[in-house]
Structures are given as structure tokens and as C-alpha cells.
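What follows draws every value from the coordinates through simple rules; no lab data is involved. Computed from a predicted structure; not experimentally measured. Cβ: placed from backbone, ideal geometry, glycine included. Neighbour counts: every protein chain shown.
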Amino acid sequence: MRPGFHGAQGWLTTVSKGAACLSALSALAGFAPAAIAQGFQPGVSHAAPNQMGMIAANSTVADDMHFFHNGLLLPVIIVISLFVLALLIYVIFKFNETANPTPSRTTHHTGLEVAWTAIPLMILVVLAIPSFRHLTKQLSLPPTDMTVKVTGKQWYWTYTYPKEANGGFEFDSNLLDQDKLAAGKMRLLDVDNEAVVPVGKAVRLQITADAVGVIHSFTIPALGVRMDAVPGRLNESWFRADREGIFYGQCSKLCGKDHAYMPIALRVVSEQAYAAWLADARKKFASAEVPGSGDVTVADASAIVRQ
Ligand SMILES: [Cu+2]
């Protein structure tokens, strides 16, 4: 979390802290040691049961989103709701038939009409400014350290690590067999091949969909990433993970019969662990040699997904 957001978010992070306590308690009780060992943390990797509020932020973009929602939108809507409730209660008691037998015949009040137009307008402007600022930050890529290309298919994801970043391979990431889930594995979230990235590095995501497929949406809430995967189009997004662990997401565009069964599992590891994983993955996925490119064109993207 950015230092600047601590104050504004203090009372709002209570819920996530509660979730962290619950996970600590369950670990103490020997409830989920395997899951903890794999970097899984309820409320951090994925929403905990009965969790309120959002999953803990793990990138500067997600921090901004949390601040915008928790620090600005929520207080504004609470004040407006309480104000309207107070007006309703006032009217019910002050202007009921017994208290006010002869009602006023006023139909217009210029000052009031200007006020109830101008004040909501000003509230919207106040909300729009940080909203556009956050959108710009989310969509303008800073200088990135590496690129991962993500292709949404029916119904799984393919991750491509371009040659320039010591990659040159790609692999499919499929939902695990739900009937044979190992202990500590998350139902409907864990996959056979996780995407892996190093912690603290700006990762550029190039997101597209199978050229002959449908539209998907690549979403990882903890990292503040959500981007449509559209056939024939290469969208970009980015994130910089603040801490290690496994972070889950799901396809967020209704894309067909197995929409619910194409989860995203992204593991954030130390740089050394990432280098070791890269060396392994290059061997493991050697058969799926892909053209290297940090700037895969749409034509390249189609060629890759057709392989
Ligand atoms: Cu999908």
C-alpha cells in the first residue's frame, strides 16, 4: 500500500485485517498449512469466505482503485444516503396531515432548483477528476521490465513469454481436474500451469483472444488489472506486484459455456525464483517455440494463436 493512502484507508482496511486474522487463526488450527505454504492467503490471493470489502491491493494501480472507492466514492454515497434519509424523516414528521393541515401551494423555487442541479453536478466533477487520473495511470504504460502476452481461448488462457526477455516459449493454463484436487488447491481457481512473474518489476501485458474465438476479459483484482481480450486486437495493460504470493482472477466477460472454468492464477516470486522458473519453463515448454517479440503485432498474434 502506498504510504499516502494509509490515513484515508485506515478504517476501511479493518475488514481485510479481519480476514488476515481469520487466515492466521485457521493456520494456527492446522487448517490450511499446505495452502499457506503455496503462498495462498484468503483475502489477499482471492476473496475469503464472507469477506466484505475488496481483496488486498498488491500494485500501485490497485492501491489507487481502493483509495478511489473506499476513500472517496464510499464516503460520498454514505453522506448522500444519510442526507436523503434525514430529509425523508423530516418531511414525514413535519408535513404530515396532522402536523401541517394546510399545505403550501408553492410550485417553483428558483434558488432550490439551481441548487439541486448545481450541487450534484459539482459532486460528479469532484469524482470525475481522480477517476480519469486513475484510468490514465492504468492505461498509460510506464517503462516496463518485461512483457507477457496473454491469449484468451475457449476456454483457457495461453501465456507467451517473448524471446527478448529470455523466454521464447508459450504454454496453456487449464483449470485443474476438479474431481482430483490435491490438498491446498483452490476449487475453480487453481490451474495446471501458473503464469509466473518477478516481484517489483513492471510487467507489460499484451492481451488478445484466439483469432477464431470470442471476447474474454483478463482480470486480476489484487493487481488492479482488467482488460478485454478481443480477437484480432492487441490490448495492453500493466502491473507491478508489491509482494510475492499467488493471485487469482477469472475471465470477466461472458464468453460461452465454460466461462466459469477458465481461471487466472498468477504467481509472483522473487527474482532468483523467477530466473529458475524461466530456465525450467524454457525446457518444459520447448516444443511450443514462438517468434520472439516484445511488440507482437496483431498479425503475429493471429499466427501464434493458430499454431
Ligand atoms: Cu472467457
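Couple of notes before you dig in:
- Its Kirkwood hydrodynamic radius, worked out from the mean inverse distance over all distinct Cα pairs, puts the stretch 146-306 at 15.6 Å.
- Mean separation of Cα contacts under 8 Å, 6 or more apart, over the residue count of the stretch 83-180: relative contact order %: 11
- Only Lys, Arg (+1) and Asp, Glu (-1) charged, at Cβ; the stretch 146-306 dipole about Cα centre in debye: 160
- Straight Cα distances below 26 angstrom link residue 283 to the lysines 149, 153, 163, 185, 201, with same-chain residues fewer than 8 positions distant left out.
- By the beta-carbon count within 10 Å of each Cβ, the least crowded to most crowded order of 104, 131, fewest first, is 104, 131.
- Protection proxy ranking of 107-113, 58-64, 169-175 - average other beta-carbon atoms within 10 Å, highest first: 58-64, 169-175, 107-113
- Each peptide in 187-200, 154-167, 137-150, 85-98 receives the mean, over its residues, of other Cβ atoms within 10 Å, and ordering these scores from highest gives 154-167, 187-200, 137-150, 85-98.
- Counting other Cβ atoms within 10 Å as a rough exposure proxy, the listed residues 66, 134 run 134, 66 from fewest neighbours to most.
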